[in-house]
Structure formats: C-alpha cells, structure tokens
1. Could you please find all residues in the stretch 461-497 being part of a loop (DSSP other than H, G, I, E, B), of a type in the set (A, V, I, L, M) and open to solvent by 10 Å² or more (accessible area, probe 1.4 Å)?
2. Would you be able to tell me the number of residues in the stretch 375-434 that are open to solvent by 20 Å² or more (accessible area, probe 1.4 Å) and either assigned to a strand (DSSP E or B) or at positive phi (or both)?
3. State whether one or more residues within the stretch 438-445 are assigned to a loop (DSSP other than H, G, I, E, B) and either modelled with pLDDT of 95 or more or on the phi > 0 side of the Ramachandran plot (or both).
4. Go over the candidates Asp270, Asp283, Asp320 one by one and state the one that is more than 26 Å from Ala159 (Cα to Cα), in contact with an Asp or Glu (Cβ under 9 Å, 6 or more places away or on another chain) and open to solvent by 30 Å² or more (accessible area, probe 1.4 Å).
5. Give the stretch 256-280 a look and list any residue that's within 16 Å of the ligand (Cβ to nearest atom) and in contact with a strand residue (DSSP E or B) (Cβ under 6 Å, 6 or more places away or on another chain), or say none.
6. Please work out which residue is nearest to the chain's Cα centre (by Cα), limiting yourself to the stretch 203-224 and to residues that are away from the ligand (no atom under 11 Å from the Cβ) and open to solvent by 20 Å² or more (accessible area, probe 1.4 Å).
7. Taking interchain pairs and intrachain pairs at least six residues apart, which have beta carbon atoms under 8 angstrom, with the first residue in the stretch 427-441 and within 16 Å of the ligand (Cβ to nearest atom) and the second of a type in the set (D, E, K, R) and in a loop (DSSP other than H, G, I, E, B)?
8. Among the residues of the stretch 283-336, how many are within 16 Å of the ligand (Cβ to nearest atom), over 17 Å from Phe429 (Cβ atoms), outside any loop (DSSP other than H, G, I, E, B) and not aliphatic (A, V, I, L, M)?
Amino acid sequence: MAASRRRTSAEFQGNGSLMPPSANAIASPRGGGAPSREEHANGGGPALSSVLSATEVTGRRRPAGRMPLWRLGMFASLALNAAALALLLPRYIVSHPHHPGVVSLDQQHHACAPQPGTSGAAASAPSTGKPAVTSNSVIHLDHGDPTMFEAFWRETGDAAELVVPGWQTMSYFSDVSNVCWFMEPDFDQQVRRLHRTVGNAAVDGYHVLVGTGSTQLLMAALYALSPADAVQPTSVVSTAPYYSWYPAVTDFLRSGLFRWAGDASSFIGDAYIELVCSPNNPDGAIRDAVLGSGGSGKAVHDLAYYWPQYTPITRRADHDIMLFTMSKSTGHAGTRIGWALVKDREVARRMTKFVELNTVSVSKDSQLRAAKVLRAVSDGYDGGASASRHRLFDFGRRKMAERWRMLREAAAASGIFSLPEETSGRCNFANETAANNPAFAWLRCDREDVEDCAGFLRGHKIVTRSGNQFGAGPRYVRVSMLDRDDAYDIFIRRLASLK
Ligand code: PMP
C-alpha cells in the first residue's frame, strides 16, 4: 500500500503536474513550485489517503483482515451519509439553484430516469438522451441538445464508427512533444483539416488544445488570461443578451482570479476579459468585441456556431483565442469534446495547465471518436472525385433553413410573437449567398398581458429558457432549434395555435 502510494506521487512529481520530465519543461506550473496534488486536494493539509490509513494514524499494526470498531463505525456513518445525500441532492439542486444560469438537467429532461429493461447485467443499448414525444408531451427546448443531427449520422454507415480494443488508450499521455500533451495527434490533424476545408478559422501558427467540451476550455481561458498577482479579480464581460452559462461558469467557484461583471456595453475599466460569441447564443447576431483591446483587456472568441449550417462563412477568423465544440459543429454533444485555437504559446501552456489541474487530461476514447467524426465530415467535401456522398453541412443548412421557414410561418400565424430579422451574406464555403439560420430562436412575446414569456409557454407545455438568464427581459425566451423532428413539429403546431 505504502509502496504503491509512493509510486503514484512520484508519477505526479510532487509539483501538481502529470507531465513526463521532457514535457514538463514546456508546461511547468505558472510561478512554479505548486503544491503537490494531494496538498491541493486537501487545502494544504494531509492527504485523505493518509488520514484513512490506520497504521499511520495509530502507529500500531493490527492483524490482517480485522477492522477496528472505530473504522467500522466511520464506514457505516459514511455509507448512511452517502445514502442520505443520494436521496436529498437531486431535490436540493432543483429547489436551490445557486445561480439563475445553473439549471439542473433534472429539471429539464427525464433523460436520466432509468428506462425499462436497462438495469440488468447484460449490456443494454446506449441511452438515446430524451424519451420519444407524443402530441401530449411537454416539449423541452430549453437546452441546445443537438439531436437534430442524429438523422444525418444514422445514414453514414460506418464512416464515423470506431472500435477501441481493450488494450488501447490506456496511458495518460498522447504526444509529450506538444504543449497540449494529452491531445491525440489524429484529433489535432482532423481539427486543422476541417478548418482548412470550411475556411472558418485560421490554423497555421495556432496551437490546438483539446478540452472536455468547450466549456472546460472557456474556464481554462479565464484562468490563463487572469493575472495571478492582480489585486482585484479580473472582470469578465459579454454584451447582452449573452450566453446564460457565461455568468454561471465564471462565478460558480467564486474564484479570486476573475468574476462576472455583466454587460460589456456598459462596462467601465481596463482590466477585463470580453467573451465574444459569434454567431451569438441566444440571438444569432454576428458580433465583434465591443471593448478595445488596449490596456490589459483581452477577448475570447466563442465560435461554437460559426459553421455553414448556421451562418454564411464570410471570413477566416483569426482571433487570439477561438473556441469550438463538437456539440454544435457535428452534433456530438455527448462525446464532450471541444477545442481551442490559441495564438500565444504561453497562453496555450496555461490553458493546458488548467485542464491538467481540473481533469488531468481529456478522454482519449472521446478524442479518437471525435477525430473519426471530423474525418467523416471533411471526407464529404475535400476528397475530390472520391468525396463521400454524406455532406454534413448540406444536411444542416437544408434542415435549419426549413425549420426557420416553419418557425417564421408559425409566429406569423399566431400573431403574438416576433423574431430577429433574417439576415444573409456571401458564404465563401458554399460559394453562394446564404441566410443566417441560428441554432436558437430568440422569441419575443408581444402580447401586452404576457410579461413572462417562458411561463406563458410552459403553460402550453413548451419549456424554453427565459430572457432573464441572458441579461435581457422576461418577454424574451430562447428556444432550441436543434431538437429531433418529432419534438420540433409539435412545438411549431403549438406555437402557431397560440393567440
Ligand atoms: N459556447 C456556446 C456559445 C454554447 O452554446 C455552448 C453549448 N451550449 C458551449 C460553448 C459549450 O459547449 P460544450 O458542449 O462543448 O461544452
């Protein structure tokens, strides 16, 4: 036990890093001399494993296989506490969200409820996310769950299929010569290839970093851009209406490094990080930073929706930090893979350090799957005569255009809703003029007596996210446009009937 514990801490090198010696020179912790991993976990106190070791606590040996009474009691009490927690936690989360932006998934879907026949020992089919809907169901369009894309991937046969033998992906490490030492080389290559094919972002001269969703990389960017020695936490801002998770993610750990400071357009000061989402979640607007980049201000560009199915690709973006995600590009939200394109090596190193301290690395199995999926997308376009006939962006554009047409007709038929005006531009990827078809509808209820649009729609079994959570008023709601056809069709019929 003691020997294996010693081996583990040697692996972690006592500086909080899981890097092998060669790569550690590249990615040493900022300021160096970080406390060991166990000290970190215990706020500088003794590690939990040593607190639990009876030999170390009492200094006496006891016969193997016998457990002292105090320890039995402790386990019993732990087990009771865990059981009570398991019972109470879901209720607590539902009734005490820490922040208006943090909404438990439990509240939104029944996705986690056990499905009949899934508890046996035999392998069961993977979950499908949300249960099928009927014309009486509550329709949940609160999350941007991208199940719309399932129809495309069902048609691609084995193009995006992956088998991982039991012995593979076992090491922590992927490429120790890379700043992002846990990134699979094939993932890196496929990310660069897809951006070159689509022309939506520059990759030459950029570091690619992989994260557990782009949510993790957003946090990594906040960490990397906040000076550790600042007297005040750095202000994090974004123009309203802003993505509701920006304030939630910024503040949930009450960091001393950064804190949410609200709407960028009313911000005064010069130490800030501006989050620029374009096309914007929730309203689909094409955005630039509103604060100058002088002084100590920095920008992070969240380009989750800068793909041809949502918007014309008008230019090759080349910002300092750009974030992308599988969730919205290919629809693989459950794979939990996002990536960042980062110009500056030191920023890339610090962002990698954040991921390392947060989750050590990023699932290799997921990275390999993501690489296979991205490869299948590029194969649809850049293979010349041998290009695959499965073209994700063609499917996505067709689908989104059709859904937006249906939505505008439904809003007109109802007469009580308004939507942002349709815009279009020259798409360099499609080589034609294309409309902006955002992944969310930013819907306003114009009926005088309806002040709470989300509440009004909930009364008609349509669950949306209130404008309140985006720094806008409650007359607005955000509606996901990315659900499955059956749910979307029911939503459209219900909306059209509201007067
Ligand atoms: N940025 C924006 C603007 C998003 O809408 C989302 C997903 N809702 C994310 C980031 C996070 O994506 P991921 O699933 O990769 O964490």
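1. The answer is Ala472, and nothing else.
2. 8
3. Looking through the stretch 438-445, at least one residue is assigned to a loop (DSSP other than H, G, I, E, B) and either modelled with pLDDT of 95 or more or on the phi > 0 side of the Ramachandran plot (or both).
4. Answer to the check: Asp320.
5. Matches in the stretch 256-280: Trp260, Ala264, Ile273, Glu274, Leu275, Val276, Cys277.
6. Tyr223
7. Asn436/Glu422; Pro438/Asp283; Phe440/Asp283
8. Here the count works out to 6.
The values are calculated or read from the model by the stated rules, or taken from the named source; none is laboratory data. Predicted model, so just to flag it, every value in this text is computed and none were measured. Reconstructed Cβ throughout: ideal geometry from the backbone, glycine too, with neighbour counts over all protein chains shown. The accessibility values were calculated without ligands, DNA or RNA, using every heavy atom of the protein model including side chains. Shrake-Rupley method; radii C 1.70, N 1.55, O 1.52, S 1.80 Å.
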